[in-house]
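The values are calculated or read from the model by the stated rules, or taken from the named source; none is laboratory data. Keep in mind that what you see is a predicted model, and the values were worked out from it rather than measured. Note that each Cβ is placed from the backbone with ideal geometry, even for glycine, and that neighbours are counted across all protein chains shown.
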Amino acid sequence: MKTVSLLASILFIFMSCNCQKKIAEQANITEVQNDTMAIAQEDMRIEYEANTRGFYQKIIVQNQTISVSKDRKGLDKPVETKISNADWKQLMSSFNAIQLEELPNLKAPTEKRFYDGAAIAGLKITSKDKTYETSSFDHGFPPAEIKKLVDKIVSFTEKE
């Protein structure tokens, strides 16, 4: 009876140590993933541009900062604003849901830009030294796959 209790105690101790080891490994994996994501976000640059004959807007998102230019020729200095942590998390959530390789293949849901019914817009994402760009679409009517991201980016300019 003593041997059975001794073996059960030893088995219990080894199992609890193994569980703690697994938890520590999972914590390390999560930490590495968060560090990798932070590095990827630092290297990421999102450019949204919309224009027509009488309207121009270029929005650049990089390093938790947004830069808005309304001067087509680049003579005026862009307005820079820091993005709040909550907005940044929403933006990154929308960004992470996008398949970057599919950006060039996205189809615009409307064609108002063909008859001056909407400004011509485009999205360009540079990540890890590689650039992904959409074909043109109507400002205010992006493809469904990037709608959340584009709407969030444009919403920053409406706060001004």
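The number of residues in region 120-151 being assigned to a helix (DSSP H, G or I) and aliphatic (A, V, I, L, M) comes to 4. Based on this model, can you work out whether V154 counts as more than 12 Å from the chain's Cα centre (by Cα), in a helix (DSSP H, G or I) and either surrounded by fewer than 20 Cβ atoms within 10 Å (Cβ to Cβ) or assigned by TED's automatic domain parsing to the domain that holds N105 (or both)? Yes, satisfied. Only residues that are among the polar types (S, T, N, Q), surrounded by 13 or more Cβ atoms within 10 Å (Cβ to Cβ) and either within 20 Å of the chain's Cα centre (by Cα) or not assigned by TED's automatic domain parsing to the domain that holds G140 (or both) were counted across region 79-129, and they come to 5.
G140 meets the stated requirement of being small (G, A, S) and on the phi > 0 side of the Ramachandran plot. Of all the criteria given as (1) modelled with pLDDT under 95; (2) surrounded by 15 or more Cβ atoms within 10 Å (Cβ to Cβ); (3) not polar (S, T, N, Q), the one not satisfied by F137 is (1).
Looking for something free of Cβ contacts under 8 Å to residues at least 12 places away in the same chain, part of a helix (DSSP H, G or I) and among the hydrophobic types (A, V, I, L, M, F, W, C) - is there at least one such residue anywhere in region 108-119? Yes, there is a match, as at least one residue in region 108-119 is free of Cβ contacts under 8 Å to residues at least 12 places away in the same chain, part of a helix (DSSP H, G or I) and among the hydrophobic types (A, V, I, L, M, F, W, C).
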